[in-house]
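Below you'll find the structure, written out as structure tokens, and then a few comments.
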Amino acid sequence: MRFAIRRAAAARFRSPWRAEAWLRLACAATPDFHPCFGQLVALRRAREDRWGAVATAQDATQRFPRNPDAWMLLGEAQLMVFRQLDALTAFEQAMTIVERADAALAAGEIYFRQGRHPEAAARFARAYAAGGGPEALRRNAQALYRAGDEAAAEAALRLWSEQVPGGTERLAEVRAELRAERR
């Protein structure tokens, strides 16, 4: 398998078709989920074959349904073809397998764009609990402001200000920015 991946890397710029063939071979030969699936999705996207990227990611989830990385790959591929609900399903599936900050942030972002702010706030809170850091708290506060829960948004912002360098000094500025966005 490593041989196929090295051959794909060597052929990537000279012959993308040959690189894809080597990566398909590596994906078919791997007994467990391997980064070669992500490399194949990236190569297909670079060649503007977004539906081929989705098919590769779907194959990964069918072969390795208990692997959260496969579901994350599918969610990202679904976003490439503007299928937000399918991407949301994939990110939620990744979170059912294991709590992941990146999956929760991605799901929260989709909910936020759909105007479903309470669901977005819940996903951003899960992202923070899974190790998403202060950005997850800021996004949580933003979604809470949009949902109309100012007390919870203020609590999230106070916690955010304690974790970010210079956060206490920037708290009033960020609060004003988030409140202005709500209008």
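Details
Every residue, every condition in (1) surrounded by fewer than 23 Cβ atoms within 10 Å (Cβ to Cβ); (2) at pLDDT 95 or above; (3) among the charged types (D, E, K, R), yes or no:
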position	(1), (2), (3)
Arg47	yes, no, yes
Gly52	yes, no, no
Gln78	no, yes, no
Asp86	yes, yes, yes
Thr89	yes, yes, no
Glu92	yes, yes, yes
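- Here the helices (runs of 4 or more DSSP H) wholly within segment 96-162 that include at least 1 residues being over 21 Å from the mean Cα position of the chain (by Cα) are 134-147.
- Residue within segment 35-55 that is under 12 Å from Ala90 (Cα atoms) and among the acidic types (Asp, Glu) present: no
- Output for segment 163-183, where each listed residue is under 26 Å from the mean Cα position of the chain (by Cα) and not in a helix (DSSP H, G or I): Val164, Pro165
The values are calculated or read from the model by the stated rules, or taken from the named source; none is laboratory data. Worth saying up front: this structure is predicted, and the values here are computed from it rather than measured. Backbone-built Cβ (ideal geometry, glycine too); neighbour counts: all protein chains shown.
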